[in-house]
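The values are calculated or read from the model by the stated rules, or taken from the named source; none is laboratory data. For clarity, every value in this text was computed on a predicted model and none was experimentally measured. Reconstructed Cβ throughout: ideal geometry from the backbone, glycine too, with neighbour counts over all protein chains shown.
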Amino acid sequence: MEQNNTQKKGPKKLVFPIILSLVLVGALVFGIKEYVYYSAHEVTDNAQVDADISPVVARVGGYVKEIHFVDNQFVHAGDTLVVLDDRDYQVKLQQAYAALASTKQSVDVSQVQVNEAKTSIATALANVQQAKVSVWKANEDFTRYENLYNDHAITKAQYDDAKAAKESAEAQLAIMQSQVPTQTKRVDVNQRQVGATAANLATRQADVDFAKLQLSYTVITAPASGIVSRRNIQLGQLVQAGQTLFAIVNEKGVYVTANFKETQMEPLRIGEKVDITADAYADSTFHGEVESFSGATGAKFSLLPPDNATGNFVKVVQRVPVRIKINADSSLMRLLRPGMSVYVVVHTKEGKD
């Protein structure tokens, strides 16, 4: 009987060591597997999807006339989304055109005045030549009359008439010669007037261009392709210049921001392959690559960054934002939304090789 009991207890004593050995072997295999895995990978679940979000701001004020989208609608770059009432800007454009036309007429009038002044110079020069001829003839007549008077062939009255004609011709020549500089100065003044008016013409043209630009701002288009969100306008609403109307999440600007611990940064390199799993789509794995590293830790960009200068601080492991580019087609990219939580695995060994 005792021998039988001993034989029965023998196998039972071996069960526990065998189970313990199996557990230890399994733990060892698991530990080695985890060690090998984490020596070639860096992982974090402190990551989220980010995207380039373009706020659309009204550049001019006005009443909302038309809205061509609904909230959360996908739009393409250049699509007309909002139209403002443009009647005020049409009137301003017409006023600018009228001012431009008036200035052009002023330039034409000034140019005509320049041409007239140039014609007056030519006339003045011709009058000078005519006066010189009259002076020459009067001098010749005076010389003849003077000789005849000396020979007592004519009377004193005839001699005085010849002398008066000579002096009158010389005075007329002086008058004609004085008109030439006056007309020349008049041309210079008129040309300056043309220049000043032409400068006003450039200003009026700039006013027209500005009025056209303001008018074009009444039609608001999509700056990029993406999903329209956070619509803040209604039909008939008065919007002001600088007011945010809605935002567009750029479809091509989706990326992942992974906040790695500073102790994980050493093996990370730009270009290393990344596996991304979104919590919302656990069955889908997105692939990407490390694109860039933040210039500072996340704490430095906080509203109240920690100041350790006093020495009274508790050391906390900081996290560094790492930007990860997603390599996926447009259909997969549209599944992701900014703010979604993701799990990131970086293949560090592959990146180094």
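Points worth noting:
- Output for region 240-261, where each listed residue is touching a strand residue (DSSP E or B) at 6+ places or on another chain (Cβ under 8 Å) and either aromatic (Phe, Trp, Tyr) or not in a strand (DSSP E or B) (or both): GLY242, GLN243, PHE246, TYR255, PHE260
- In region 196-211, the residues that are at negative phi form Cβ pairs under 7 Å with partners that are at pLDDT below 80, at six or more places apart or across chains, as follows: THR197/SER106; THR197/VAL107; THR197/SER110; ALA198/VAL107; LEU201/VAL107.
- When ARG334 is tested against (1) modelled with pLDDT of 90 or more; (2) closer than 24 Å to ASN72 by Cα; (3) surrounded by fewer than 17 Cβ atoms within 10 Å (Cβ to Cβ), exactly one condition is not met: (1).
- Test: residue in region 264-281 that is of a type in the set (Val, Ile, Thr), farther than 26 Å from ALA77 by Cα and part of a loop (DSSP other than H, G, I, E, B): yes
- Enumeration of residues in region 223-239 that are under 21 Å from ASP86 (Cβ atoms) and in a strand (DSSP E or B): LEU238, VAL239
- Residue count, region 50-74 (criterion: under 14 Å from PHE246 (Cβ atoms) and among the small types (Gly, Ala, Ser)): 2
- Scanning region 76-93 for residues that are part of a strand (DSSP E or B) and not polar (S, T, N, Q) yields a total of 4.
- Counting the residues of region 297-331 that are modelled with pLDDT of 85 or more and surrounded by 10 or more Cβ atoms within 10 Å (Cβ to Cβ) gives 12.
- Any hit, region 249-259, residues being of a type in the set (Val, Ile, Thr), in contact (Cβ under 8 Å) with a residue 40 or more places away in the chain and more than 30 Å from ASN327 (Cβ to Cβ): no
- Summed over region 187-234, residues that are surrounded by 18 or more Cβ atoms within 10 Å (Cβ to Cβ) and modelled with pLDDT under 70 total 3.
- Any pair with Cβ under 7 angstrom, 6 or more apart, that starts in region 44-62 at a residue that is on the phi > 0 side of the Ramachandran plot and buried (at least 17 other Cβ atoms within 10 Å of the Cβ) and ends at one that is part of a strand (DSSP E or B) and not charged (D, E, K, R): GLY62/LEU84; GLY62/VAL239
- Counted residues, region 34-75 - those being among the aliphatic types (A, V, I, L, M), in a strand (DSSP E or B) and closer than 30 Å to THR348 by Cα: 4
- Exclusive hit being surrounded by fewer than 18 Cβ atoms within 10 Å (Cβ to Cβ), more than 30 Å from PHE246 (Cα to Cα), modelled with pLDDT under 95 and not β-branched (Val, Ile, Thr), set SER110, SER102: SER102
- Which listed residue, of TYR97, TYR63, is of a type in the set (Phe, Trp, Tyr), modelled with pLDDT of 90 or more and outside the structural domain of VAL317 (by TED's automatic domain parsing): TYR97
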